[in-house]
Structure formats: C-alpha cells, structure tokens
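The values are calculated or read from the model by the stated rules, or taken from the named source; none is laboratory data. Given the structure is predicted, the values throughout are model-derived calculations rather than measurements. Please note: Cβ atoms are built from the backbone with ideal geometry, for glycine as well, and neighbour counts cover all protein chains shown.
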Amino acid sequence: MPRSRRRARPLLVLLAAIAACSDAPDAPTALLVTPETHAALAVGSSLPGLPELAAAADSAALAPPDAAGLAQARRLWASADSAPDAPSARALRTQANRLAAPILAASLDSVALAAAQQKLERWSELAGAALRGADLPELADAVADGGALLQRAREAARAGDRAAAVLATLDASERLAETTPRAVALRLASADERALEALRRAVGPRDGDAAVRRAERIERLVRGAREAIAAGKYDVAIRRAYYARQLLGQAGASGGP
C-alpha cells in the first residue's frame with residue numbers, strides 16, 4: 001500500500017468509527033493532531049462539487065438563459081444547507097445537479113472536469129482503503145456508489161455524452177461528500193446537540209453543582225464544534241464533538257448515531 005494511503009488509513013478508520021457510533025478507544029482523537037493526517041483531511045475537506053465546477057466554467061461563453069440557469073442551480077445547491085432533513089437536502093442537490101449538468105457540459109473544459117474527477121477518485125481510494133474489512137455498511141455503500149458513479153462518468157465521456165459525464169461526476173461528489181471529515185463532524189455535532197437537549201431537560205438543581213458544570217462544559221464543547229465546522233476546521237470540530245460525546249456518555253445521555 002502506498003505510504004500516503006497507509007498514513008491516511010488510521011484517520012479515516014477513526015472518522016468512520018465515530019460516524020457509525022461504534023465503541024472507540026479512550027483517546028482516538030490524538031490521531032487528528034498528527035501532521036501526517038492533515039493531508040488526508042485536506043483531500044476530504046474540499047471535494048469538488050457543483051459550486052467548484054460552476055466557478056471553473058467559462059462564464060463568458062454562456063448565453064444569458066444558461067447563465068441564469070447555472071445561477072439558479074447554485075442557489076438550489078446552497079439552499080440544501082438549510083433543508084430540514086437529509087432527504088430534503090439530497091433532493092435539492094439532485095435537482096441542482098440535473099439543472100447544471102447540461103450547462104456545465106457546454107462551458108467547462110476537459111482539463112477542469114478531469115481534475116475534479118481525479119480528486120474525487122483520490123478520496124474514494126483513501127476512504128475505500130480505510131473502510132476495507134470494517135463493518136460500516138452505510139459509509140462503505142457511499143464510497144462504493146461514488147466509485148460506480150465515477151466509472152459511469154468515464155464511460156459517458158468515452159461515448160461522447162458530455163452532459164451525462166458531468167452529471168455523474170456531480171452525483172459522485174454528493175455521494176462521496178457523505179464520507180468526508182465535514183460530514184462526520186456535522187453528524188457528531190448534531191447527535192451531541194440532541195443529547196445535550198435531553199440532558200438539559202433532565203439536569204436540575206437537585207443534581208448538584210457537578211452535574212450542572214458538566215452540562216455547561218458539554219454545551220461549550222458542542223458550541224465550539226459548530227464554530228470549528230463553520231471555520232472549516234473539521235479536525236478541531238471532530239475532537240470537540242467527540243469529547244462532548246464522552247461527557248454525555250458519562251452523564252447517561254446519547255443523541256444516537
């Protein structure tokens with residue numbers, strides 16, 4: 001196995017294990033602060049999707065209706081961040097990809113498309129190697145689906161169907177994004193917030209100062225995890241959210257996977 005993949009493997013296994021809510025070692029987050037893991041985080045933290053491909057397109061070559069259509073697709077894609085649930089977000093991104101694909105097919109050069117596919121393939125390889133032999137079917141399915149979509153993109157390109165190649169690339173990005181550090185950080189933080197809300201309802205003055213202080217510390221950690229996600233510091237977010245999860249476990253609260 002190449003050296004870079006060996007280095008990335010512990011980090012990705014850790015991310016997958018936490019995301020699946022499996023039992024983790026006492027201090028697995030120590031892996032997140034080692035220099036060699038930051039390269040893997042960088043690959044997974046910036047997968048190219050619709051916004052990146054739209055930015056790389058030749059906007060000067062777009063007719064006004066196409067420019068308006070691409071702008072609408074970008075708005076749809078961005079609106080998924082405020083969707084009420086994951087299926088709703090997925091539906092918005094799917095709609096955005098289908099709207100954008102034929103426009104990008106006519107305005108995105110082959111070099112930019114190939115570069116995006118290569119980056120997605122690199123993350124697919126890293127994540128696939130990390131998950132090999134692990135009992136984490138949800139994440140393994142996402143990686144397998146992403147790989148299959150990239151293969152579909154290559155086949156469409158060979159057949160001269162550029163729109164289908166772009167669409168498959170966009171869909172691969174969305175599927176693989178579910179396995180990235182950002183996705184794991186968001187999943188952890190959301191679970192912690194649910195558990196914290198339950199803990200707030202359960203803890204009162206009769207539980208003593210120690211219980212109240214622990215709840216306040218958990219709240220600071222969860223808030224800090226959200227702030228780190230907003231800043232793009234996903235390793236910091238995962239570490240804070242994981243520590244919050246440990247404290248929630250000690251308090252007997254759990255927000256689920």
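Tabulated results
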{"read-out": "Filter result for R175 (basic (K, R), over 25 Å from V236 (Cβ atoms) and at pLDDT below 95)", "value": "yes"}
{"read-out": "In the stretch 89-118, the residues that are out of contact with any helix residue (DSSP H, G or I) (no Cβ under 7 Å at 6 or more places or on another chain) and assigned to a helix (DSSP H, G or I)", "value": "R90, A91, T94, A106, S110, V111, A114, A115, Q118"}
{"read-out": "Matching residues, the stretch 73-87, being outside any helix (DSSP H, G or I) and among the hydrophobic types (A, V, I, L, M, F, W, C)", "value": "A83"}
{"read-out": "Residue among D192, D109, D171 that is among the acidic types (D, E), in the same structural domain as R93 (by TED's automatic domain parsing) and crowded, with 19+ Cβ neighbours inside 10 Å", "value": "D171"}
